[in-house]
Amino acid sequence: MVKLMSKCIVIGAGPGGMSAAIYLKRAGIDVILIEKMVPGGEMLKTNKIENYLGFDSIDGGELALRMSSQVKDLGIEIIRDDITDISYDNTFIVTGLKNKYQADYVIIATGRVPRKLGLDMEEALLNRGISYCATCDGAFYKGKEVAIVGGGDSALTEALYLSDICLKVYVLVRKDLKASDILQNRVKNKDNIVILKNVSVSQFISSDSLTGVLLNDGRKLDVNGLFIAIGGTPDISFLKNLNVDTINGYIKTDDKMRTNIKGLYAVGDVRYKDFYQIITAASDGAIAALSIREDD
Ligand code: NDP
């Protein structure tokens, strides 16, 4: 295993991580950006972004590409590795599946993973009717009836996307919608989107793949696809050897993105905060980088 050294390591190349890397590099601080998949994070799952400053409307993948190009053009190395452990012994030792890394400062920008419904067969039916990403999998359900679970911005964004591909889209909301008014109004104008409130899925109906869902009120919906868009939770199991303070599973930071561990910062969706947006993640990243410059 090679050991790579840098003044600072940023883990996760979503908007928070990429913004941090750009600010660090421009401040003359040596930085490595580590990402286990492709740069972009949750942006890659969003087809249309209309609230990121500077763009009236932009595809999430396109915005991710622009950000990663900006990172690469500055000469910042994006290393593909899956981090499994971080320990501290005078410096941080970051262990991935491929390499070990050493740094004085680490910024955690690993975001969240999709929350599961937790029903029987959820795992087994993944990619056989169940999906957590409409932009990725919507095309498989062309002309079919599908349902989405969730009442937030993600659920309605996905509903609007799917309504252009699918015959009918049910949105299953456990209580009431919490999505922004602009999305709710757009959904109202779509004839093939049906919102069902105060319902939850109690069972998946399947043969080889999903053929329907049973709702808690006894109704059965014949759908070929079920998109689960009920938010996410951070996966910070790689921090098990550091006693990082958390709130509800999210990393606790101060307003300079510092955690309780000296030299360790957290930005974006992995951190406990009020608003989870691309622009707030980017802002967190900038703040963490500037804090490191101040703290060094
Ligand atoms: P949210 O946490 O905002 O919403 C989650 C939704 O899922 C809620 O309706 C919640 O219901 C429901 N839910 C949670 N758990 C369950 C469950 N077990 N069963 C059924 N329903 C459940 O998550 P989102 O992913 O929608 O959004 C995350 C953040 O990203 C938000 O800040 C959002 O504004 C932002 N976002 C912005 C977009 C944009 O601006 N273009 C696009 C997408 C997301 P309840 O309300 O009852 O808890």
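The values are calculated or read from the model by the stated rules, or taken from the named source; none is laboratory data. In this text, all values refer to a predicted model and were calculated from it rather than measured experimentally. Cβ coordinates were reconstructed from backbone atoms using ideal geometry, including for glycine residues, and neighbour counts include every protein chain displayed. Just so you know, the surface numbers come from the protein's heavy atoms only, side chains and all, with ligands and any DNA or RNA stripped out. Shrake-Rupley method; radii C 1.70, N 1.55, O 1.52, S 1.80 Å.
Values for this structure:
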read-out: Beta bridge orientation in region 72-206: antiparallel %, DSSP, nearest 5; value: 50 percent
read-out: Å² of accessible area per residue within the chain, as computed with a 1.4 Å probe and no ligands counted; value: 50 Å²
read-out: Positive minus negative residues near Ile251 (Lys, Arg vs Asp, Glu; Cβ under 15 Å); value: +1
read-out: For Gly14, residues with placed amide H under 5 Å, excluding near neighbours; value: Gly40
read-out: Whole-percent pair-distance distribution, where bins are 10 Å wide, for the alpha carbons of the chain; value: 6, 27, 30, 22, 13, 3, 0
read-out: Among the listed pairs Lys48/Lys72; Lys197/Lys240; Lys178/Lys220; Lys168/Lys252; Lys36/Lys220, those beyond 31 Å (Cα-Cα); value: Lys197/Lys240; Lys168/Lys252; Lys36/Lys220
read-out: Rounded D (µm²/s) - region 116-228, Kirkwood Rh over Cα pairs, Stokes-Einstein at 20 °C, 1.002 mPa s; value: 156 µm²/s
read-out: Antiparallel bridge percentage (DSSP; both residues within the chain; nearest 5); value: 40 percent
read-out: Over the chain: helical MRE at 222 nm, DSSP H runs n ≥ 4 each giving -39500 (n - 2.57), nearest 500; value: -7000 deg cm²/dmol
read-out: Shape of region 49-166, Cα gyration tensor, a/c cut at 1.5; value: oblate
read-out: Max mean-square fluctuation residue, GNM over the chain, Cα-Cα springs under 10 Å, options Gly60, Gly152, Gly75; value: Gly75
read-out: Shape category assigned to region 66-128 from the gyration tensor of Cα positions, a/c cut at 1.5; value: oblate
read-out: For Ser206, residues with placed amide H under 5 Å, excluding near neighbours; value: Thr211
read-out: Fraction of accessible area attributable to carbon and sulfur, region 246-296 (%, probe 1.4 Å); value: 49 percent
read-out: Shape call, region 103-149: gyration tensor on alpha carbons, a/c limit 1.5; value: prolate
read-out: Accessible-area composition of region 116-228, carbon plus sulfur, in percent [1.4 Å probe]; value: 47 percent
read-out: All lysines inside 20 Å of Lys256 as judged from Cα atoms, apart from same-chain residues fewer than 8 positions distant; value: Lys7, Lys25, Lys273
read-out: Isolated Cys in the chain, by beta carbon distance under 4.7 Å; value: Cys8, Cys166
read-out: Phi-based couplings in Hz for region 13-29 (Karplus 6.51, -1.76, 1.60; Gly and Pro marked x); value: 10, x, x, x, x, 5, 5, 4, 4, 4, 5, 5, 4, 5, 8, x, 9
read-out: Share, in percent, of DSSP beta bridges within region 1-141 that are antiparallel, nearest 5; value: 40 percent
read-out: Ordering of 204-211, 160-167, 249-256 by burial proxy (mean other Cβ atoms within 10 Å per residue, highest first); value: 160-167, 249-256, 204-211
read-out: For region 96-108, Karplus couplings with θ = phi - 60° (6.51, -1.76, 1.60), whole Hz, Gly/Pro x; value: x, 5, 9, 9, 10, 9, 10, 7, 7, 10, 10, 10, 8
read-out: Most fluctuating residue given options Val194, Val71, Val171, as computed from a GNM of the chain linking Cα atoms under 10 Å; value: Val194
read-out: Sulfur and carbon atoms: percent of accessible area, region 1-108 [1.4 Å]; value: 49 percent
read-out: Computed accessible area, Asp59, all protein chains, 1.4 angstrom probe, square angstrom; value: 70 Å²
read-out: Amide proton proximity set for Tyr88, modelled H, under 5 Å, gap of 5+; value: Ile93
